[in-house]
Amino acid sequence: MSAGMIILGLFLGILILLILVTIHEFAHFIVAKLAGAYVYEFAIGFGPKIISWGKKKTKYSIRIFPFGGYVYIASELTDPPKEREDEVVPKARKIENITRWKCLIFIVAGALMNFFIAVFIFTTMFAATGMKINDMTYWGAHYDVNEPLYNALSKAEPVVSQEMVILNYWLGPDETKLIAAAQEYKTTGKDSPNVTRVDIGTVTNIPNYYTTVYSFLDYLKNQYDNNKKHDDLILLNYVLVNKYHEVYKYQAEGGNLTKAVSLKQGNNTYVVGIAPPNRIYQSAAQAYGAGWTETFSESVTILKSFGLLFTGQWQQLSGPVGIAKTMSTIVSQGPEPFFMYVAILSANLFVLNLIPIPPLDGFKFLETIIKSLGNGYFRIRQRILLLKYRDDSDKIKAIKEEPIGNWQLPYKWKIVINVAGAVLFIGLFIGITIKDVFF
């Protein structure tokens with residue numbers, strides 16, 4: 001990969017993250033305003049200010065580190081910004097005194113915005129093009145020109161397309177024996193000696209690309225590693241499948257045989273030359289529904305990736321450097337892969353922000369729920385005591401004067417939880433960055 005593409009990928013990666021984070025924070029900002037909270041500042045990035053503007057209550061700024069942003073809201077637990085200590089903020093407009101359900105909407109607004117960005121991109125792309133590119137769960141494949149599978153299929157059909165689905169194949173050192181073995185199996189269902197048959201699927205159980213490619217990866221690499229005499233020829237049995245998952249040619253015969261072609265050796269295995277197909281949608285409505293499904297699927301993917309951390313697997317997690325590397329590869333492939341990757345990033349940010357560790361929104365949401373439960377407990381306790389001492393006016397007065405409605409986690413615990421979460425988050429970020437740079 002050229003240095004220019006890496007630099008372009010880094011620039012685009014940072015730009016896309018900045019746009020997604022800005023929209024995320026803007027959702028927080030709008031909901032805070034609608035909820036009546038007093039907003040000191042809306043900032044894009046962290047660190048020292050590059051530029052700021054705004055003369056009234058809310059100021060806007062762009063800061064030097066573009067990997068994030070924040071909405072600075074008036075609070076009883078934090079000091080106001082420097083040089084704004086003299087501003088009079090009504091108590092009702094501080095975040096602790098905003099209605100609890102409004103606070104919860106404010107907290108999740110950014111993550112929900114990332115979710116709907118992903119939904120918008122996926123549904124628009126799928127409905128406009130009628131397909132999802134490079135889908136490993138679809139049937140068929142893209143066959144690389146002049147590679148073994150393309151050569152085999154082109155000898156049987158004038159046009160090689162992703163509609164060609166391989167059901168099984170035969171391996172051996174001799175073309176005559178391969179052809180005889182394939183014909184005998186189709187006629188009698190019996191295998192011939194000295195020829196290897198590998199099943200992937202059947203006419204009634206069409207295999208997807210994932211099944212197909214891993215059959216080749218697992219079996220052919222094993223052949224290469226363990227056989228002194230390699231089975232250097234391959235013969236395919238395939239059918240044609242349309243977008244309705246219907247086998248529309250060669251169904252009666254159970255498939256069509258190709259000629260035998262030579263396998264290509266490389267990188268301690270065999271190269272066959274296939275890539276994921278495009279999933280074809282039957283209608284715009286199906287494409288639109290698939291956009292929602294894809295968003296949920298990509299959202300769950302990042303949780304699975306975090307789960308793999310406990311087994312020492314870091315490969316599926318990427319930081320800014322990994323995103324830049326991926327962008328460098330994708331940007332040359334055209335607009336569809338680019339926007340698909342942007343949608344995936346937005347779906348990942350949706351779930352990432354809901355993980356309940358500081359400083360993410362998920363922790364703030366959990367903290368607000370705990371506060372609500374704490375306040376609910378004290379309100380119930382107050383009502384029970386009022387009933388119990390309803391004839392004692394002095395105790396009733398004391399009970400009513402007890403402060404409730406703004407219960408907080410103990411300060412010591414808040415410090416411990418926030419420091420532990422920040423250390424965990426920063427450590428994970430550093431670890432992923434090291435992986436992206438050196439591995």
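Here the contact order of the range 158-280, divided by its residue count and restricted to Cα pairs under 8 Å and six or more residues apart, works out to 32 percent. Multiplying the residue separation of LEU303 and ILE415 by 0.36 nm and subtracting their alpha-carbon distance yields 37.7 nm. Only one of (i) -0.66, -1.20, -1.31; (ii) -0.50, -1.16, -1.30; (iii) -0.46, -1.26, -1.45 was calculated from the structure for log10 I(q)/I(0) by the Debye sum over Cα atoms at q = 0.08, 0.13, 0.14 Å⁻¹, and its label is (i).
In the chain, helical runs assigned H by DSSP with n ≥ 4 each contribute -39500 (n - 2.57); averaged across all residues and rounded to the nearest 500, the mean residue ellipticity at 222 nm is -17500 deg cm²/dmol. Remark: the chain carries a charge dipole of roughly 1800 debye about the Cα centre, counting +1 on each Lys and Arg Cβ and -1 on each Asp and Glu Cβ. Protein heavy-atom surface of the chain, 1.4 angstrom probe: 62% of the accessible area is carbon and sulfur, with nucleic acids and ligands not counted.
Please give the length that would be gained between ILE380 and ASN205 if that part of the chain were fully extended, namely 0.36 nm times their separation in residues minus their C-alpha to C-alpha distance (nm, one decimal).
Working: separation 175, 0.36 × 175 = 63.00 nm, distance 6.01 nm.
Stretched fully, the ILE380-ASN205 segment lengthens by 57.0 nm.
Selection among SER161, VAL261, ALA347 by position relative to the dipole of the chain gives ALA347 as farthest towards the positive end (Cβ unit charges, Cα centre). Membrane-span-like helices in the chain (whole DSSP H runs, Cα extent of at least 18 Å along the helix axis, mean Kyte-Doolittle hydropathy of at least -0.5): 3-34, 100-129, 284-308, 335-352, 361-388, 411-438. Hey, for a label at LYS264 modelled as a point 7 Å past Cα toward Cβ, could you say which residues of the range 158-196 have their backbone N under 17 Å away? From the range 158-196, the list is 160-161.
Our summary gives the range 145-200 a relative contact order of 33 percent, counting only alpha carbon pairs under 8 angstrom and 6 or more residues apart. For the chain, the relative contact order is 19 percent, taking Cα pairs closer than 8 Å that sit 6 or more residues apart in sequence and dividing their mean separation by the residue count.
What's the ranking of 206-218, 41-53, 115-127 by average number of surrounding C-beta atoms within 10 Å, highest first? List each step's numbers first, then the result.
On the way: 206-218: 17.5, 41-53: 14.8, 115-127: 20.6.
By packing density, highest mean first, the sequence is 115-127, 206-218, 41-53.
In the frame of its principal axes, the range 158-280 has Cα extents of 44, 34, 26 Å, reported largest first.
What's the extension gain from LYS435 to THR124 if we count 0.36 nm per residue and subtract their Cα-Cα distance? Don't skip to the answer; put the middle values down first.
Working: separation 311, 0.36 × 311 = 111.96 nm, distance 3.38 nm.
Value of the extension gain: 108.6 nm.
With a Förster radius of 51 Å, plug the Cβ-Cβ distance of ILE64 and THR188 into 1/(1 + (r/R0)^6) and report the FRET value to the nearest 0.05. About 0.10, to the nearest 0.05.
Please give me the summed charge of the neighbours of ASN278: other residues whose Cβ is under 13 Å from its Cβ, Lys and Arg +1, Asp and Glu -1.
Working: positive: LYS132, LYS243, ARG279; negative: ASP135, GLU163, GLU336.
Local net charge: 0.
The residues packed around LEU20, meaning those with a beta-carbon under 15 Å from its beta-carbon, carry a net charge of -3 if Lys and Arg are +1 and Asp and Glu are -1. Considering only ILE380, ILE330, ILE280, the Gaussian network model of the chain with Cα springs below 10 Å gives its largest mean-square fluctuation to ILE380. Counted by Cβ distance under 11 Å from ILE344, the other residues give a net charge of -2, where Lys and Arg count +1 and Asp and Glu count -1. Can you give the FRET efficiency to the nearest 0.05 for GLU85 and LEU424, using r as the Cβ-Cβ distance and R₀ = 41 Å? That gives a FRET efficiency of 0.80. Rounded to 0.05, the FRET efficiency of the ASP218 and ALA180 pair, given R0 = 30 Å and the Cβ-Cβ distance, is 0.70.
Probe of 1.4 angstrom, ligands and nucleic acids ignored: what's the accessible area per residue over the chain, in square angstrom? Don't skip to the end; give the middle numbers.
Values: 24330 Å² over 439 residues.
Using a 1.4 Å probe on heavy atoms only, each residue of the chain averages 55 Å².
The values are calculated or read from the model by the stated rules, or taken from the named source; none is laboratory data. Computed from a predicted model, the values in this text were never measured in an experiment. Don't worry about glycine lacking a Cβ; one is built from the backbone with ideal geometry, like all the others, and counts go over all protein chains shown. For the accessible areas, the whole protein counts, side chains as well, though only heavy atoms, and no ligand, DNA or RNA atoms are used. Shrake-Rupley method; radii C 1.70, N 1.55, O 1.52, S 1.80 Å.
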